[in-house]
1. Condition (residue is aliphatic (A, V, I, L, M) and over 20 Å from His365 (Cα atoms)) applied to region 406-424: is it met by at least one residue?
2. Which of the following residues is surrounded by fewer than 20 Cβ atoms within 10 Å (Cβ to Cβ) and on the phi > 0 side of the Ramachandran plot: Gly56, Gly63?
3. Would you point out which residue out of Val24, Val84 is closer than 28 Å to Gly418 by Cβ and either surrounded by 17 or more Cβ atoms within 10 Å (Cβ to Cβ) or modelled with pLDDT under 95 (or both)?
4. Only residues that are of a type in the set (Gly, Ala, Ser) and in contact (Cβ under 8 Å) with a residue 60 or more places away in the chain: list them for region 187-204, please.
5. Any idea which residue in region 71-88 is farthest from Asp110 (Cα to Cα), counting only those that are small (Gly, Ala, Ser) and over 21 Å from the mean Cα position of the chain (by Cα)?
6. Which one is farthest from the chain's Cα centre (by Cα) among residues in region 403-443 that are acidic (Asp, Glu) and closer than 21 Å to Gln359 by Cα?
7. Pick out the one residue from Gly130, Gly101 that is surrounded by fewer than 23 Cβ atoms within 10 Å (Cβ to Cβ), among the small types (Gly, Ala, Ser) and closer than 22 Å to Ile172 by Cβ.
8. What are the residues in region 238-263 that are touching a helix residue (DSSP H, G or I) at 6+ places or on another chain (Cβ under 6 Å) and surrounded by fewer than 17 Cβ atoms within 10 Å (Cβ to Cβ), if any?
Amino acid sequence: MEIVFPNIPLYEGWGKPLRTESHVEGLELVAGHVPEGLNGTWYRAGADRQYPPLGGEDVFIDGEGMAHMFRFDNGHVSYRSRWVRTARFIAQEKSRRTLFGRYRNRYTADPEAAGINPGTANTSMLFHAGRLTVLKEDDLPYEVDPDTLETRRRTDLDGQVSSVSLSAHPKIDTDRGELLTFSFQAKGDATTDVAVYIFDAEGRKVHEMWFNAPWAGVVHDFAITEEHIVIPFFPLITTLETLKKGGTFYEWHDDKPTWVAVLPRRGSGDDVRWFKGPTLSAGHMMNAVTDGSKVHLDLCLYHGNCFPFFKTPDGRETAPVPPILTRMTFDLARNDDAFTYAPLIEQPGEMPRTDDRYQGRPYRHGFMIMSRAPDGTSSLGRVDLADGSIDFWNHGEKISVHEAQFVPRSPEAGEADGWLLTILNRLDKGHSELAVLDAQKLSEGPVARLHIPVRVRSTFHGMWVPAEALDAARVPAAA
């Protein structure tokens, strides 16, 4: 069977599917030095195409899951990537062709795919309670080996999860060791059910709650505080009627408001406080904090459709709009459902991250991808929320960066005192690099750059796991 990929803009240049697993035992250092004491593994997930898409169209968030890992061991850095062998991947491997059609629309799948779970496991990776999983919000997690990335199994976390999926954006409360996560469209496509789960440090479920959203919309990310959970519902909406007609999984409803649910961390469905505002959207949250009766949510906010490839129900396209780091405020003491919002900076940015130890707590620093240009270049910036200043790496090269990962300099280090890891797309070189930057001195550029002899096509999100945490997970539990 001939394999021919369509000639579409997504597949031009860096976006051309790579379709291969890699293992490099020892990346070549090309500049600087790997910081002493930086020992652990950086896990990331992304999407790639196993075979050409059905119908000749594609969106960048679709494709089979590829897990990536960079292992740091006393200056030695190795790289490995492996396909996540989902039910979908295995079926297509057997048929030697793509069996699934439009993004998340199972009604456009090939008849041969009947009864096969379409989950792709392509968005993020999570290490918690000794278990490494790959996540995508259209399915349950897939557990993989933390040393080899070989796929172990699809998991409902030992029977503790009854929703059909879990978010690709869980949060870990590092002080309590708790994992907080959720599922939207939790009983299947186009359902309004939302489930929230909390697991303790040993992976035991300690809280579960369900409620219904105003519509079956997109909820890619959420936020936590020490007291609350914040879940925004933007008007990118799924309808079974559209899916059965072969349409897109989401449609942009520019005549509908934004709804935001604020609930206690140990609340029930009856405790949800709903707030309503203008037609907005966002993919990613930076952080949230409870301040007395007010809950503040910092997110990369779009005054329009954050996924413009999803059109309106009548087929209208929406113009791209820049994401601006914005603070939404929800006052629980108010007697109405309104919320306020205001920009924190004027510079557009996306893929926000914090020092993970400060998730849900008062914080000062955040990291984002900034200065995206028409030629594909981009870089990293650190935002100081105390004064609005930005420390920016102005590399001046044909480079685009992946989402950054913060690593503390030591367990006792202060906020943002440590390293930023990022993958560099060398757009004019045809290969990638791994960069390590001082998180408090981004403008000085990387302290180390390492050559990756392949093109790391795309990664979305991931997690740093210290070496001692992995070592502890390998020790068998006492009988």
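The values are calculated or read from the model by the stated rules, or taken from the named source; none is laboratory data. Because the structure is predicted, anything quoted here is derived from the model rather than measured. Don't worry about glycine lacking a Cβ; one is built from the backbone with ideal geometry, like all the others, and counts go over all protein chains shown.
1. Our first condition is that a residue be aliphatic (A, V, I, L, M); within region 406-424, this holds for 407, 413, 416, 420-421, 423-424.
Within this subset, residues satisfying the condition of being over 20 Å from His365 (Cα atoms) are 423-424.
Within region 406-424, one or more residues are aliphatic (A, V, I, L, M) and over 20 Å from His365 (Cα atoms).
2. Numbers: Gly63 fails: surrounded by fewer than 20 Cβ atoms within 10 Å (Cβ to Cβ).
Going through Gly56, Gly63 in turn, the sole match is Gly56.
3. Details: Val84 fails: closer than 28 Å to Gly418 by Cβ.
On inspection, the qualifying residue turns out to be Val24.
4. The initial filter retains those residues of region 187-204 that are of a type in the set (Gly, Ala, Ser), namely 188, 190, 195, 201, 203.
Scanning region 187-204 gives Ala201, Gly203.
5. Step one: list which residues in region 71-88 are small (Gly, Ala, Ser), which gives 75, 78, 81, 87.
In the following step, the residues that additionally are over 21 Å from the mean Cα position of the chain (by Cα) were identified as 75, 78, 87.
Working: Gly75: 48, Ser78: 39, Ala87: 15 Å.
Per the stated criteria, the residue is Gly75.
6. Ranking the qualifying residues of region 403-443, first place goes to Glu412.
7. Values: Gly101 fails: closer than 22 Å to Ile172 by Cβ.
That would be Gly130, the only listed residue that is surrounded by fewer than 23 Cβ atoms within 10 Å (Cβ to Cβ), among the small types (Gly, Ala, Ser) and closer than 22 Å to Ile172 by Cβ.
8. Answer for region 238-263, where residues must be touching a helix residue (DSSP H, G or I) at 6+ places or on another chain (Cβ under 6 Å) and surrounded by fewer than 17 Cβ atoms within 10 Å (Cβ to Cβ): Lys244, Gly246.
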